[in-house]
Amino acid sequence: MKVTGFTTRMVRVPREQGPTVQGEALFVALQLHTDQGLDGVGFAGFGSALMAKALMDLYLYFRYRTALPRPVVELAILITGREWNAGFEWFMHYPIAKTEGLTDELLVPLREGKRPAAMKADEAAAYDFAIELLRTHRVSDATYQKALSVFGEKNLVDLTSLIATYSTYAALINVNQLPLPAGEPAMRYLPAK
């Protein structure tokens, strides 16, 4: 699913105008590892190529190397996108979440900003942890212990870092006003809170 023909607040510098060495590495990584390539959230961070490359490394870690279950990864990304009201994040990850096995019984209430009733134990632990972290910027001992018992310490560090990483993506999306593709109504993805 490739998005083309959109504008953001940032000025786009064409590749042929000679990017830096770091910029060229980012161009290659975006083309290789994302559905969006140079069109999408990867571009939104391109004004700082070294930062964007570091963010890309985290993206690749969460996509290919984390031991967190794939449905939990996508759930955490969608929770983050919902809390940040980042429609583009939902546009990109909703189909992936469906492919990873997340159900409409979980996704519809989440999209509407409600706590889903139909969640497995790991989904509920991830939901509670993510919501508390995103809304209060910390987690209680009870929420931490519940998530720790479900995920273990390494995966809990990964879950925390995943939420932080996708908060960065959501901030870049929102600051740069990254739109949905032409013809895609925003409220189809995220209704107003």
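The values are calculated or read from the model by the stated rules, or taken from the named source; none is laboratory data. Because the structure is predicted, anything quoted here is derived from the model rather than measured. Backbone-built Cβ (ideal geometry, glycine too); neighbour counts: all protein chains shown. Remember, those area values only see protein heavy atoms, side chains included, never the ligands or the DNA or RNA. Shrake-Rupley method; radii C 1.70, N 1.55, O 1.52, S 1.80 Å.
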Exercise. What do you reckon, is residue 107 open to solvent by less than 40 Å² (accessible area, probe 1.4 Å) and within 22 Å of residue 179 (Cα to Cα)?
Worked result: yes
Exercise. Name the pairs: first residue in region 169-193 and within 19 Å of residue 58 (Cβ to Cβ) and loosely packed, with under 15 Cβ neighbours inside 10 Å, second residue modelled with pLDDT of 80 or more and among the small types (Gly, Ala, Ser), Cβ to Cβ under 9 Å, at least 6 apart or on different chains?
Worked result: 171/86
Seminar exercise, completed: Counting only residues that are over 12 Å from residue 82 (Cα atoms), basic (Lys, Arg) and under 18 Å from the mean Cα position of the chain (by Cα), region 93-142 contains a total of 1
Exercise. Listed residues 113, 87; which is at pLDDT below 95, surrounded by fewer than 18 Cβ atoms within 10 Å (Cβ to Cβ), of a type in the set (Gly, Ala, Ser) and closer than 29 Å to residue 179 by Cβ?
Worked result: 113
Seminar exercise, completed: Of all helices (runs of 4 or more DSSP H) fully inside region 57-114, the set with 1 or more residues that are in contact with a helix residue (DSSP H, G or I) (Cβ under 7 Å, 6 or more places away or on another chain) and β-branched (Val, Ile, Thr) is 70-84, 87-99
Problem set entry | Residues satisfying the stated conditions in region 38-69, i.e. among the acidic types (Asp, Glu) and either at pLDDT 75 or above or touching an Asp or Glu at 6+ places or on another chain (Cβ under 6 Å) (or both) | 57
